[in-house]
1. Assuming 0.36 nm per residue, please report the length gained on full extension of the stretch Asp168 to Ala46 beyond their Cα-Cα distance.
2. Can you compute the charge dipole magnitude of the chain about its Cα centre, using +1 on each Lys and Arg Cβ and -1 on each Asp and Glu Cβ, nothing else charged? Give it in debye, rounded to the nearest 20.
3. Between Val131 and residues 5 or more places away or on another chain, which pairs have amide H atoms under 5 Å apart, with H built 1.01 Å from N, and which residues are they?
4. Could you compute the FRET efficiency for Asp116 and Gln234, with r as their C-beta to C-beta distance and R0 at 35 Å, rounded to 0.05?
5. Specify which labelled value, from (1) 23, 22, 19; (2) 49, 25, 15; (3) 31, 23, 15, agrees with semi-axes √(5λ) of the Cα gyration tensor in Å derived from the coordinates of the model shown.
6. Considering only protein heavy atoms and a probe of 1.4 Å, how much of the accessible area of the chain is carbon and sulfur, as a whole percent?
7. Over 19 Å between C-alpha atoms is what I'm after, so list which of Lys184/Lys229; Lys129/Lys184; Lys92/Lys136 land there.
8. Grab the DSSP H runs of the chain that are 4 residues or longer, score each as -39,500 (n - 2.57), total them, divide by all residues and round the 222 nm result to the nearest 500 deg cm²/dmol.
Amino acid sequence: FTDAEFYQRSFDPQEYLREFCSLSNARGQPNTLLTQSLRSLFNMFALDGLSGHTLIDVGCGPTIYQLLSACERFQEIISLDYTDRNRRELEKWLRNEPGAFDWSPVVQYVCELEGDREKWAEKEEKLRKKVKRVLKCDVTKANPTAPVSLPPADCIVSTLCLEAACKDLATLRSALRNISTLVKPGGHLVMVTVLQETFYAFNKQVFSCLYLERSMVEEAVEGAGFDVKLSEVQPYVPGDARTDCRAVMNLVARR
């Protein structure tokens, strides 16, 4: 199973963004995983009670798509990731530095869901202001942000992270218990996770993924002290050589 050090050493954020975070790939085929996730996140963050002061993004990678709907509902965002290069890549976009990934087509897509495609520049500005900290995290630690201690947030979001960071079900259960300490009682967990996937690949490198079924995820979330409020599964388009993912699961739970 791909270990954390391999990610630290070999995960290339720019290649990842090019491969997985454009609305269509080099061959012009639509990026269904991304657009499905954007629509699901839009719907989940529109739910009653899914708002508050602070949101923590656990395992953000070099990406911001998971925050585009969320940033309308929270005042402050803290982004956490294990690898230094992912955090640097994210900070490059937050600081609007030359060479940062161009998220504008994705931001426009979300603005269209919200009813005004033209507001995309405004949304980018809003998100840049709201992300207050970008910190290292390790979900296998009892305090994932050690040595920093964060006050518990109103909500945590985690997209496509835990299944790549946890080598087995016991590690996943423990990681969910660890990240549950980041959210206050009554707060929410919003998750997007892939099901029945054992690998994903890009840039001639293969990364492991923990094979999960819907029931395993729900049980692990409940075992970490959450009540599942919403759980839905969407099939994933077969025939994508970069992954053997069969479905994508969206989940909202309350602590």
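1. Gain in length upon complete extension: 40.7 nm.
2. 480
3. The answer is Ile77.
4. The pair Asp116/Gln234 has a calculated efficiency of 0.85.
5. (1)
6. 49
7. Listed pairs above 19 Å: Lys129/Lys184.
8. -10000 deg cm²/dmol
The values are calculated or read from the model by the stated rules, or taken from the named source; none is laboratory data. Here the structure is a predicted model, which means the values were calculated and not measured. For neighbour counting, all protein chains shown are included, and Cβ atoms are generated from backbone atoms with ideal geometry for every residue, glycine included. Just so you know, the surface numbers come from the protein's heavy atoms only, side chains and all, with ligands and any DNA or RNA stripped out. Shrake-Rupley method; radii C 1.70, N 1.55, O 1.52, S 1.80 Å.
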